[in-house]
Amino acid sequence: MKMDNKLKTKPPTTSKETAEEEERRTRSLNAPSPIQQFGPCGRIMKNSAMVMQIQDPASQRLTWYKPPLTVLVIKKVHDATILTPFVQLVHWLVHDKSMVVFVEAAVLDDTLLAEYGDFTSVRERLMTFRAGTDDLTDKIDFIICLGGDGTLLHASSLFQQSVPPVMAFHLGSLGFLTPFEFNNFQEQVMNVLEGHAALTLRSRLQCVVLRKSNDLTKDKKKPTTILVLNEVVVDRGPSPYLSNIDLFLDGKHITSVQGDGLIVSTPTGSTAYAVAAGASMIHPSVPAIMVTPICPHSLSFRPIVVPAGVELKIALSPEARNAMWVSFDGRNRQALQHGDSLYVTTSVYPVPSICAQDQISDWFDSLAECLHWNVRKKQKQMDEMSDMTHSSSDTLEELESNHHDERPTDT
């Protein structure tokens with residue numbers, strides 16, 4: 001899999017569609033490159049170590065080195081309403097497209113699948129694996145998720161390095177990250193298999209937990225590295241005391257957090273826990289890390305956005321009365337004691353999320369449909385001349401009334 005700036009050949013379109021396509025194709029999501037000369041004398045110093053090539057997110061489209069043969073199907077568990085779409089999809093992939101389909105072993109343990117006669121002929125041809133035990137690296141070409149946002153988070157957790165392209169169907173509750181409807185799944189999957197799809201590269205955070213070594217035994221514990229798609233949350237856990245957490249940015253102490261905790265999120269995660277804690281919503285193509293306090297005991301502690309390339313360090317303050325607890329996309333919850341540290345930076349392994357339309361339309365559609373962003377009854381239109389007449393009459397009557405009230409009375 002690779003990204004290509006060139007669009008694939010499409011069926012003939014109308015002139016209006018062509019104009020709209022050209023407009024989308026030429027509009028950049030990157031900020032314009034700044035002029036590097038400032039006034040008559042100043043300019044940016046040339047430094048070859050700083051040179052890098054940034055691809056415009058609007059041009060990120062999927063193409064294949066070779067036809068994809070293996071597909072991982074992830075379905076929402078304990079949901080009977082998804083069984084029928086799951087059986088239809090798997091049957092079509094195996095019999096019509098001759099693809100090798102992987103599913104989690106726990107999926108086949110669902111007793112309700114026995115009620116589907118079509119599934120019997122497919123069951124024996126499915127490849128199974130167990131999360132946390134079997135390694136899927138370099139075995140999967142393509143991922144299809146059936147369910148809600150949790151299925152995409154689960155797909156991210158299965159691949160702690162390079163992630164295959166992910167196509168997510170909205171069959172869950174919220175569906176902010178699942179832009180596809182299942183009605184015509186065959187046509188939509190075929191478009192993706194043929195390479196007709198835009199991509200949103202959803203950045204992930206690389207989180208490294210360093211434990212304090214035991215000086216007596218010289219026991220050095222191996223660092224734990226976890227990649228998250230939404231956020232890493234540090235909180236006070238069951239303790240009644242405030243969290244007292246030191247926050248460092250590239251080795252510089254920035255502030256101490258006194259409150260319930262801290263959320264470090266990706267732009268994708270900015271519309272999850274972070275937005276509930278008062279953060280702004282950031283488009284997933286923006287290279288950034290968001291830092292949001294949870295119920296800070298300070299009226300001036302606002303959420304901040306920092307560049308994606310920085311490294312954050314989170315540790316207990318020496319004055320902290322209790323341990324801090326950390327969770328990664330809501331999982332792997334563990335306590336961090338004095339001397340332990342958590343390092344967070346942007347990972348080089350994003351989640352390539354396939355768009356139903358494009359990077360901009362999908363995001364704003366999700367804001368409107370899932371979060372009801374800026375939903376309000378529209379103000380009624382008024383007759384402009386009538387409004388001006390009424391306003392003038394009201395003003396004259398008001399002036400006359402005030403004039404009579406202020407007139408001195410005879411004694």
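Residue count for the stretch 69-98, restricted to those that are part of a helix (DSSP H, G or I) and not hydrophobic (A, V, I, L, M, F, W, C): 7. In this structure, VAL257 does not satisfy being touching a residue at least 12 places away in the same chain (Cβ under 8 Å), closer than 22 Å to LEU29 by Cβ and not hydroxyl-bearing (Ser, Thr, Tyr). What about THR63, is it touching an Asp or Glu at 6+ places or on another chain (Cβ under 8 Å), modelled with pLDDT under 95 and more than 24 Å from LEU205 (Cα to Cα)? Spelling it out, THR63 is indeed touching an Asp or Glu at 6+ places or on another chain (Cβ under 8 Å), modelled with pLDDT under 95 and more than 24 Å from LEU205 (Cα to Cα). Contact map, the stretch 345-364: residues that are open to solvent by 50 Å² or more (accessible area, probe 1.4 Å) paired with residues that are part of a strand (DSSP E or B), Cβ distance under 9 Å, separation 6+ or inter-chain. Pairs shown: VAL348/GLN206; TYR349/GLN206; TYR349/LEU227; GLN357/ALA198. For the residues ASP260, ASP235, the requirement of being in contact with a Gly (Cβ under 6 Å, 6 or more places away or on another chain) and open to solvent by less than 60 Å² (accessible area, probe 1.4 Å) singles out ASP235. The residues listed here are LEU152, LEU146, LEU112; of these, the one that is buried (at least 21 other Cβ atoms within 10 Å of the Cβ) and part of a helix (DSSP H, G or I) is LEU152. Please state which of the following conditions VAL344 fails to meet, knowing it meets all the rest: (1) modelled with pLDDT of 95 or more; (2) out of contact with any Ser or Thr (no Cβ under 8 Å at 6 or more places or on another chain); (3) farther than 23 Å from ALA155 by Cα. Going through (1) modelled with pLDDT of 95 or more; (2) out of contact with any Ser or Thr (no Cβ under 8 Å at 6 or more places or on another chain); (3) farther than 23 Å from ALA155 by Cα one by one, VAL344 breaks only (3).
Determine which member of the set THR133, THR200 is polar (S, T, N, Q) and either open to solvent by 30 Å² or more (accessible area, probe 1.4 Å) or within 21 Å of PHE328 (Cβ to Cβ) (or both). Please lay out each step first, then the result.
Values: THR200 fails: either open to solvent by 30 Å² or more (accessible area, probe 1.4 Å) or within 21 Å of PHE328 (Cβ to Cβ) (or both).
That would be THR133, the only listed residue that is polar (S, T, N, Q) and either open to solvent by 30 Å² or more (accessible area, probe 1.4 Å) or within 21 Å of PHE328 (Cβ to Cβ) (or both).
Checked against the criterion of being within 29 Å of HIS170 (Cα to Cα) and either assigned by the TED database to the domain that holds PHE169 or at pLDDT below 80 (or both), the candidates ALA105, ALA31, ALA49, ALA19 yield just one match: ALA105. For the stretch 179-213, residues that are among the β-branched types (Val, Ile, Thr), in contact with a Cys (Cβ under 7 Å, 6 or more places away or on another chain) and not in a strand (DSSP E or B) total 0.
Being in contact with a Lys or Arg (Cβ under 9 Å, 6 or more places away or on another chain) and among the polar types (S, T, N, Q): is that true of SER298 here? Spelling it out, it is not the case that SER298 is in contact with a Lys or Arg (Cβ under 9 Å, 6 or more places away or on another chain) and among the polar types (S, T, N, Q). VAL90 meets all of the listed conditions (1) more than 26 Å from GLU231 (Cα to Cα); (2) surrounded by fewer than 18 Cβ atoms within 10 Å (Cβ to Cβ) but one, namely (2).
The values are calculated or read from the model by the stated rules, or taken from the named source; none is laboratory data. These figures come from a predicted structure and were not determined experimentally. Cβ coordinates were reconstructed from backbone atoms using ideal geometry, including for glycine residues, and neighbour counts include every protein chain displayed. Just so you know, the surface numbers come from the protein's heavy atoms only, side chains and all, with ligands and any DNA or RNA stripped out. Shrake-Rupley method; radii C 1.70, N 1.55, O 1.52, S 1.80 Å.
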